[in-house]
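Single-structure report; data block below.
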Amino acid sequence: MGLSEKDVDHVARLARIEITPEERSLYLRQLNAVLEHAAGLARVDVSGTPPTAHILPLRNVWRADEPAQGLTREQALANAPDKSKGCFRVPRILE
Amino acid sequence: MEPHELTLTQASGMLASREASSVELTRAALGRVEAADPRVRAFVTVDAEGALAAAKDADARRGRGEAGPLLGVPVAIKDNLSTRGLRTTCSSRMLEPYVPPFDATAVARLKAAGAVVLGKTNLDEFAFGSSTENSAFGPTHNPWDLARVPGGSSGGSAAAVAAGFGFGALGSDTGGSIRQPAALCGVVGLKPTYGRVSRYGLVAFASSLDQVGPFGRTVADAAALSQAIDGHDPLDSTSAPRAVPDYAAALPRGVKGLKVGLPREYFVSGIAPEVAAAVRTAVESLAAMGAEVREVGLPHTEHCLSVYYLLATAEASSNLARFDGVRYGFRAPASGVVAQAMRTRAEGFGPEVKRRIMLGTYALSSGYYDAYYRRAQQVRTLIARDFEAAFREVDVVATPTSPTTAFRLGEKADDPLTMYLSDIFTISANLAGLPALSLPCGFDAAGLPIGLQLIGRAFEEPTLFAAGHAYESAHGWKDRRPAL
């Protein structure tokens, strides 16, 4: 189940990463090498085995719904590459 | 003895007896950094001003009658742990200008205990790597041989402790990122039980595997740092609501009657003969001190690497989706939100980060989820069950930390799969959520350090500290210092 160049383009689009033609062929080769190694997992008998998402015996963790001081607007915006009128500024979305 | 040759425990003793002040030790540490870090390059950011202010504060606290093993002790922090007001880059162009408005819980606890933060240490970008060569700011060099890597991803923290830039450090470990560099730099490193230390403020890589932990020159040094950072934190929903035992009290417990398991699957081809020999000799030494040694089986070991690279990259692809050039960090302007995100990520991330995000995105994508992601989670269950079975027979499992000693800079840079193999012995503890300690157990013919890994049952860090302390007290490895 190897990747094709088309798959690499599709994954890059899903991952929101612009790639060059050189990167496409490099990642194609390297990702296929890793996936080939991972193909060994197909040999393992996992019938009836539940998946492990994490190892702690915890379910939902709740806290009391009490207001607390979070970041101020100034703090939240302090690292923004672009901001305007107390908001993060992004390129136009609607024409 | 020069101040930079001291252990944390020795420095702490000098502060307590007023032989030295925190300002003196901090000045000495900063002097050592200035003299030797241009060759080692352990730090991304040195905060001399902040460190001296914290040292003055620690001395004032001691003057008012406060005490504590970390009060006034200079330490280094991996640059993926948030530090309030101090740049936190993850060694990535993406976060180069980022200044966090809060401290990670582990950092806040060290500061509350009086530790002095010298600065932020280099890592593989976003902790993706095993050599610290994947840093956007250039590689860190191994203090034992500057032509070699310090390991990774916490290579800067390991190298800092080995070089005497402070008396301890914090790192993070997702697949071996504390233990492997500790082994390659000849220092002690602990990956705590999952949930033992809060992940709040640690820039997330793989949330089900990441854990913050300490580096020290000795097991006692690492235990002192663990004592300060461990414990429940309401800000991390995966932090375990359990009391923290007294680690210093556990240190002198010894190894009499301790059952030590050697997994037969870990002594296979690919492991350097000198490494295997040193680890076997170390285990014989534990036996001579009263431990019982037997062979154990961990039959799913061969699948750990595949499971890890599927799960870790899948979680990473999700965690790193937040870097889109909107709220913080680097932005490459383009027309349109999606185009801007794609260009920002193309220019802001380095090659290994992109590679792992792509692999993880693929493993989670429609049509492949069951074959890769879900199957990897199921095999993860089998790996955890291997350890449950082994821990019915033994108390700790002993393995090499890394299959080789430090390799040369550039040696594995072009072959991701070979690089991934250097984590082959450390990954299983992350997948199973277990605590694991790496400590020096000898040197190879080239004078490079070798690491012994001890894996314990969940929340049995005290057993690891006791065994490690017994071993290192019987040997002189911890007293060796690199010639810098």
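Roughly speaking, what is the centre-to-centre gap between the range A:24-38 and the range B:12-56 when only Cα atoms are used, to the nearest Å?
For the range A:24-38 versus the range B:12-56, the Cα centre distance is 45 Å.
Restricting attention to the range B:251-315, which trypsin sites (Lys or Arg not before Pro) occupy a DSSP loop and are surrounded by at most 12 other Cβ atoms within 10 Å?
Working: sites: B:Arg253, B:Lys256, B:Lys259, B:Arg264, B:Arg280, B:Arg294; in loops: B:Lys256.
Those that pass, being in a loop and sparsely packed, are B:Lys256.
For the range B:372-393 and the range B:459-481, write down the distance between their C-alpha centroids in whole Å.
So the separation of the two Cα centres works out to 28 Å.
Bin by bin, in steps of 10 Å, what percent of the Cα pairs in the range B:95-193 do you find, going until the bin that has the longest distance?
17, 47, 32, 4
What dipole magnitude, in Debye to the nearest 20, does the protein assembly as shown give about its Cα centre under +1 on Lys/Arg Cβ and -1 on Asp/Glu Cβ?
On the way: 61 positive and 62 negative charges, 199 e Å.
The dipole of the protein assembly as shown has a size of about 960 debye.
Averaged over B:346-354, how many beta carbons belonging to a partner chain fall within 10 Å of each residue's beta carbon?
Details: counts 7, 1, 1, 2, 0, 4, 1, 1, 8.
Neighbouring Cβ atoms belonging to other protein chains average 3 per residue here.
Which of B:Ser131, A:Ser84, A:Asn60 sits farthest toward the positive end of the charge dipole of the protein assembly as shown, with +1 on the Cβ of Lys and Arg and -1 on the Cβ of Asp and Glu?
Of B:Ser131, A:Ser84, A:Asn60, it is A:Ser84.
If I take the Cα coordinates of chain B and project them onto the principal axes, what are the three extents in Å, biggest first?
Result, largest extent first: 63, 53, 45 Å.
Can you give the Rg to Rh ratio of the protein assembly as shown, both from alpha-carbon atoms, with Rh computed by the Kirkwood formula? Each step should come with its number before you reach the end.
Details: Rg = 22.9 Å, Rh = 23.9 Å.
Using Cα coordinates only, the ratio equals 0.96.
Can you figure out the FRET efficiency of B:Asp370 with A:Glu22, using R₀ = 35 Å and their beta-carbon distance, to the nearest 0.05?
0.60
Other chains near B:431-440: what is the mean number of their Cβ atoms within 10 Å of each residue's Cβ?
1
At B:Val337 and A:Asn32, where each label point lies 7 Å from the Cα along Cα→Cβ, what is the point-to-point distance in nanometres?
3.7
Between B:Glu393 and B:Val293, how many nm apart are label points set 7 Å from Cα along the C-beta direction?
In this crude label model, B:Glu393 to B:Val293 measures out at 1.6 nm.
Can you pull a Stokes-Einstein diffusion coefficient for the range B:245-289 at 37 °C (0.692 mPa s), Rh from Kirkwood over Cα pairs, as a whole number of µm²/s? Walk me through the numbers on the way to the answer.
On the way: Rh = 12.6 Å.
Rounded, D is 260 µm²/s.
Per 0.36 nm of contour for each residue apart, how much would the distance between B:Glu49 and B:Met1 grow if the chain were fully extended, relative to their Cα-Cα spacing?
Working: separation 48, 0.36 × 48 = 17.28 nm, distance 2.61 nm.
Contour length minus Cα-Cα distance gives 14.7 nm.
Could you give the length gained by full extension between B:Ala276 and B:Lys259, i.e. 0.36 nm per residue of separation minus their alpha carbon distance, to one decimal place?
On the way: separation 17, 0.36 × 17 = 6.12 nm, distance 1.98 nm.
Here the answer is 4.1 nm.
Report, in cubic angstrom per residue, the convex hull volume of the C-alpha atoms of chain A.
Working: hull volume 25.6 nm³, N = 95.
Dividing the Cα hull volume of chain A by its residues yields 269 Å³.
Sort B:Met419, B:Met1, B:Met358, B:Met289 so that the residue with the fewest other Cβ atoms within 10 Å of its own Cβ comes first and the one with the most comes last.
Least crowded to most crowded, the residues run B:Met1, B:Met289, B:Met419, B:Met358.
Which value in deg cm²/dmol, rounded to the nearest 500, describes the helix-derived mean residue ellipticity at 222 nm for the protein assembly as shown, given -39,500 (n - 2.57) per DSSP H run of n ≥ 4 and division by the residue count? Walk me through the numbers on the way to the answer.
Details: 19 runs with 217 residues, N = 579.
Helices in the protein assembly as shown give a 222 nm mean residue ellipticity of -11500 deg cm²/dmol.
For the range B:3-258, what is the convex hull (Cα atoms) projected area averaged across all directions, in square nanometres?
Details: hull surface 52.9 nm².
Reported value for the Cα convex hull: 13.2 nm².
List the trypsin sites (Lys or Arg not before Pro) in the range B:15-60 that DSSP assigns to loop (not H, G, I, E or B) and whose Cβ has at most 14 other Cβ atoms within 10 Å. Which are they?
On the way: sites: B:Arg18, B:Arg27, B:Arg32, B:Arg39, B:Arg41, B:Lys56; in loops: B:Arg18, B:Arg41.
Those that pass, being in a loop and sparsely packed, are B:Arg18.
Only Cα pairs under 8 Å and at least 6 apart count here; give the relative contact order of chain B as a rounded whole percent.
Values: 1181 pairs, mean separation 85.3, N = 484.
Once divided by the residue count of chain B, the mean separation gives 18 percent.
Could you give the length gained by full extension between A:Glu74 and A:Phe88, i.e. 0.36 nm per residue of separation minus their alpha carbon distance, to one decimal place?
Numbers: separation 14, 0.36 × 14 = 5.04 nm, distance 1.13 nm.
That pair, A:Glu74 and A:Phe88, stretches by 3.9 nm at full extension.
Starting from the amide H of B:Gly168, placed 1.01 Å from N in the peptide plane, find each other amide H under 5 Å away whose residue is 5 or more places distant or on another chain.
Residues meeting the criterion, in which the H sits 1.01 Å from N, are B:Ala76.
At a threshold of 8 angstrom on Cα-Cα distance, excluding pairs fewer than six apart, so keeping six or more, what relative contact order does the range B:3-258 reach in percent? Kindly include the intermediate steps, with their values, before the conclusion.
Details: 639 pairs, mean separation 47.3, N = 256.
For the range B:3-258, the relative contact order is 18 percent.
With +1 on the Cβ of every Lys and Arg and -1 on the Cβ of every Asp and Glu, and nothing else charged, how large is the dipole of the range B:403-484 about its Cα centre, in debye rounded to the nearest 20? The partial results should precede the final answer.
Numbers: 6 positive and 9 negative charges, 40 e Å.
Dipole about the Cα centre, nearest 20: 200 debye.
Give me a single rounded figure for A:35-43: the average over its residues of other chain Cβ atoms within 10 Å of their Cβ.
Details: counts 9, 1, 6, 12, 3, 5, 10, 3, 2.
Going residue by residue through A:35-43 and averaging, the value is 6.
Which trypsin sites (Lys or Arg not before Pro) does the range B:60-102 hold that lie in a coil by DSSP with at most 15 other beta carbons within 10 Å? Walk me through the numbers before you get to the answer.
Details: sites: B:Arg61, B:Arg62, B:Arg64, B:Lys78, B:Arg84, B:Arg87, B:Arg93; in loops: B:Arg64, B:Arg84, B:Arg87.
Answer in residue order: B:Arg64, B:Arg84.
Laboratory data are not the source of any read-out in this text; all were calculated from the coordinates shown. This is a predicted model, so every value here is computed, not measured. All Cβ positions, even for glycine, are placed from backbone atoms using ideal geometry, and neighbour counts span all protein chains on display.
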